[in-house]
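Asks: Submitted below is the structure of interest, expressed as structure tokens.
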């Protein structure tokens, strides 16, 4: 599908739109295209009524440290350190467009250098597996105030007059994981923004509401920092699996069911977290 959008005031710019489990992104190769203000661009084009519509913008750049560099900008214009669904889309774009012949390559992100792997089936990309690195568990490094170097596992936090048990993890970006009995009535629509801006989180936080189905399967909904409710969050799925293991709720490898699809996440013996899931082209276009 090809979409030609007219936007008065800008020179023509090529883009592609991608989705991973319904988490959608506008990807621009800024080695060839020029954007003066990434944040302003993201606010404009991510608008679902007056723009292209997306949860964020992925920017492809040259890297001195890795094969490629990826920057991510949320719908509110803020920059995120990392995005799990985004890096899968980014990797699929590179491979499908012949920008690399390698099925495993390095990507510089705000969370460090990550290694996506293209999983092939009959010579075509079937899924993307990403080595997301080691989870950060020390409170000050996530960051969550008041815990120093201690892990933040099932610790109390008061929001809207109620006390919740939070487990916090950084996968290059901060996550607050809450285990709930019933995902349908978890209150994400009202609670998400309150957790995001809570004083405990000096850089704000992504918040995951998780219902554990069994030791190999969980259901997750997410409120993303700077984007509100989205259909999926890759780093959030990784953080949820780590939090579930720390609380003795699941095995170290489990399926995470999101609003937009499922991801397979493993916290391996080498302490790295591996995430496997889809990445699909939605359409190409020109602004």
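Asks: Assess whether residue 52 counts as being surrounded by 18 or more Cβ atoms within 10 Å (Cβ to Cβ) and over 19 Å from the mean Cα position of the chain (by Cα).
Replies: Against the criterion (surrounded by 18 or more Cβ atoms within 10 Å (Cβ to Cβ) and over 19 Å from the mean Cα position of the chain (by Cα)), residue 52 qualifies.
Asks: Further, regarding this structure: Looking only at segment 1-31, filter to residues that are surrounded by fewer than 12 Cβ atoms within 10 Å (Cβ to Cβ) and touching a strand residue (DSSP E or B) at 6+ places or on another chain (Cβ under 8 Å); which one of those is modelled with the highest pLDDT?
Replies: Ranking the candidates gives 12 first.
Asks: If you don't mind, there's one more thing I want to ask. Select from segment 233-254 the residues that are surrounded by 17 or more Cβ atoms within 10 Å (Cβ to Cβ) and part of a strand (DSSP E or B) and list them in ascending order.
Replies: Result: 254, single match.
Asks: Moving on to the next point. Touching a residue at least 12 places away in the same chain (Cβ under 8 Å) and touching a helix residue (DSSP H, G or I) at 6+ places or on another chain (Cβ under 9 Å): does that describe residue 241?
Replies: Criteria not met by residue 241.
Asks: Now for a separate question. Which ones in segment 94-107 are surrounded by fewer than 16 Cβ atoms within 10 Å (Cβ to Cβ) and either in contact with a helix residue (DSSP H, G or I) (Cβ under 6 Å, 6 or more places away or on another chain) or within 18 Å of residue 57 (Cα to Cα) (or both)?
Replies: 100, the sole residue that qualifies.
Asks: Given the structure, is residue 200 under 20 Å from residue 267 (Cβ atoms) and surrounded by 14 or more Cβ atoms within 10 Å (Cβ to Cβ)?
Replies: No: the conditions fail for residue 200.
Asks: Return the residues of segment 131-159 that are in contact with a helix residue (DSSP H, G or I) (Cβ under 6 Å, 6 or more places away or on another chain) and touching a residue at least 24 places away in the same chain (Cβ under 8 Å); say none if nothing qualifies.
Replies: Passing the criteria: 132, 135, 153, 159.
Listed here are the residues, each with its yes/no results for (1) within 23 Å of the chain's Cα centre (by Cα); (2) surrounded by 15 or more Cβ atoms within 10 Å (Cβ to Cβ); (3) under 30 Å from residue 60 (Cα atoms).
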residue: 109; (1), (2), (3): yes, yes, yes
residue: 113; (1), (2), (3): yes, yes, yes
residue: 117; (1), (2), (3): yes, yes, yes
residue: 120; (1), (2), (3): yes, no, yes
residue: 138; (1), (2), (3): yes, yes, no
residue: 160; (1), (2), (3): no, no, no
residue: 164; (1), (2), (3): no, yes, no
residue: 169; (1), (2), (3): yes, yes, yes
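Asks: Quick one: what pairs do we get from segment 75-97, first residue on the phi > 0 side of the Ramachandran plot and outside any helix (DSSP H, G or I), second surrounded by 24 or more Cβ atoms within 10 Å (Cβ to Cβ) and modelled with pLDDT of 95 or more, C-beta under 7 Å, 6+ apart or different chains?
Replies: From segment 75-97, the pairs are 77/42.
Asks: Here's a check for you: in segment 140-158, which residue that is out of contact with any strand residue (DSSP E or B) (no Cβ under 6 Å at 6 or more places or on another chain) and part of a loop (DSSP other than H, G, I, E, B) is surrounded by the fewest Cβ atoms within 10 Å (Cβ to Cβ)?
Replies: That would be 148.
Asks: Within segment 169-190, which residues are closer than 14 Å to residue 209 by Cβ and in a strand (DSSP E or B)?
Replies: Residues satisfying the conditions are 175, 176, 177, 178, 179.
Asks: Would you mind stating whether residue 266 is crowded, with 17+ Cβ neighbours inside 10 Å, free of Cβ contacts under 8 Å to residues at least 40 places away in the same chain and in a strand (DSSP E or B)?
Replies: yes
Asks: When you go through (1) farther than 14 Å from residue 222 by Cβ; (2) surrounded by fewer than 16 Cβ atoms within 10 Å (Cβ to Cβ) one by one for residue 187, which number turns out not to apply?
Replies: It fails just one condition, (1).
The values are calculated or read from the model by the stated rules, or taken from the named source; none is laboratory data. These figures come from a predicted structure and were not determined experimentally. We place every Cβ from the backbone using ideal geometry, glycine too, and count neighbours over all the protein chains shown.
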